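So the structure is just underneath, and the comments pick up after that.
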Amino acid sequence: MRDKDKECCLCKKTERGEEERKKLINRLNRIEGQIRGIRAMIEKDAYCTDILMQSAAVNAAVNSFNKDLIAGHIRRCVVRDIREGKDEVIDELVETLQKLMR
């Protein structure tokens, strides 16, 4: 498939239930708070190692968010598309996983 034949990512949508949406947004809000905390640490000249530990915690939180999001994507979107005969979703999933593992 050529790039111009792919749908743009802004055109695709994923219907999420209210509970799932709230859960994802709450996790992002916590991550945002952690980032603000790191900024405050830098502004207060906190010790580098302390900042690095907080940064590692943010990375772990983002990775956990990504795991939940990809699991939902596989259960919902990938399964749906395969059932509809849209096997190209497998290539898209592989490409996405490869980007996440960089």
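Each reported figure results from applying straightforward, stated rules to the coordinates on display, with no laboratory input. Predicted, not measured: the structure shown is a model, and the values here were computed from it. Here the Cβ positions follow ideal geometry from the backbone for every residue, glycine too, while neighbour counts run over all protein chains shown.
For the range 39-102, with only Lys/Arg (+1) and Asp/Glu (-1) charged at the beta-carbon, what is the dipole magnitude about the Cα centre, in debye rounded to 20?
It works out to roughly 200 debye.
Counting each DSSP H run of 4 or more residues in the chain as -39500 (n - 2.57), what helix-only mean residue ellipticity at 222 nm follows after dividing by all residues, to the nearest 500 deg cm²/dmol?
About -23000 deg cm²/dmol.
Using only the Cα atoms of the range 18-100, construct the convex hull and provide its projected area averaged over every direction, in square nanometres to one decimal.
That works out to 6.6 nm², a quarter of the Cα hull's surface.
Using r as the Cβ-Cβ distance of residue 48 and residue 102, and R0 as 25 Å, what FRET efficiency do you calculate, to the nearest 0.05?
Once rounded, the FRET efficiency stands at 0.50.
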